[in-house]
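See structure below.
The values are calculated or read from the model by the stated rules, or taken from the named source; none is laboratory data. Note that the coordinates shown come from a computational prediction; the quantities given were computed from them, not determined experimentally. We place every Cβ from the backbone using ideal geometry, glycine too, and count neighbours over all the protein chains shown.
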Amino acid sequence: MNPASLVICEYCDAVYSRTPLKRREKAHCLQCGSELYRNARVDIDVMLALTLASAIMFVIANCYPIVELNMSGLSNRATLWDTLLFTLDSNVGVIAVFAAASAFFFPLIQILLFAYVLIPLRAGRKPRAFIGAMHALREMQPWSMVEVFMLGAVVSVIKLTAVAAVAAQIGLWGFATLTLLLTVLSSFDLQDLWDQSEALDA
């Protein structure tokens, strides 16, 4: 049996033979009920477009201010890194490190890995470190938590309105768009990319 036709449940390690699914169907583990895979095939061009859009939104989200505070006639704008450095100076370094990893480093690595895999596949060739990149993508997805940062930012903005005039800036909208793009990109079945690479080897 071709190993590529097997699927292993990531929660209980049960092994199943991959069978074709109809549109929008999902396969679930019989032992623990978790989702094994779904019929969510997309064109590589679509995934690459989402990856490039995510890269653009990542730059916007990190280079532009996320909020502007106006209090007692004073105005101040803060970027993500301004916020992280302030958190670091407030003797809560662990929170600053975790926020930097989940909102900056993990999403950046995830975007770069998708680009590394998708660009060569679209050109009809398999990247040299394809297997390692695919395994890294699978392990990286749970740690890319831009949506958690986004939720925290929204809550913080709402609370700050009690003591100051707060205006959302382009960086915050960039994070919102980045959250949506990465969520859509992560919803695709990575098995499609494995299948594409095997078709190139055939």
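The test for being in contact with a helix residue (DSSP H, G or I) (Cβ under 9 Å, 6 or more places away or on another chain), surrounded by fewer than 16 Cβ atoms within 10 Å (Cβ to Cβ) and not polar (S, T, N, Q) does not hold for VAL94.
Residues are listed down the side, and each one gets a yes or a no for (1) closer than 22 Å to ILE95 by Cβ; (2) modelled with pLDDT under 80:
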| position | (1), (2) |
| --- | --- |
| VAL117 | no, no |
| ALA129 | no, no |
| GLN141 | no, yes |
| VAL146 | yes, yes |
| GLY152 | yes, yes |
| SER186 | no, no |
| SER197 | no, yes |
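Every condition in (1) surrounded by 18 or more Cβ atoms within 10 Å (Cβ to Cβ); (2) over 19 Å from the mean Cα position of the chain (by Cα); (3) in contact (Cβ under 8 Å) with a residue 60 or more places away in the chain holds for CYS29 except the one numbered (3).
Select from the range 118-135 the residues that are of a type in the set (A, V, I, L, M, F, W, C) and surrounded by fewer than 16 Cβ atoms within 10 Å (Cβ to Cβ) and write down the one among them that is nearest to the chain's Cα centre (by Cα). Let's see the steps before the verdict.
Step one: list which residues in the range 118-135 are of a type in the set (A, V, I, L, M, F, W, C), which gives 118-119, 121, 123, 129-131, 133-134.
Applying the additional criterion that residues be surrounded by fewer than 16 Cβ atoms within 10 Å (Cβ to Cβ) yields 119, 123, 129, 131.
Numbers: ILE119: 18, ALA123: 24, ALA129: 20, ILE131: 19 Å.
It comes out as ILE119.
Within the range 106-124, residues that are free of Cβ contacts under 8 Å to residues at least 12 places away in the same chain reach partners that are in a helix (DSSP H, G or I) and surrounded by fewer than 20 Cβ atoms within 10 Å (Cβ to Cβ) with beta carbons closer than 9 Å, at six or more positions or on different chains, in the pairs LEU112/ALA55; PRO120/PHE130.
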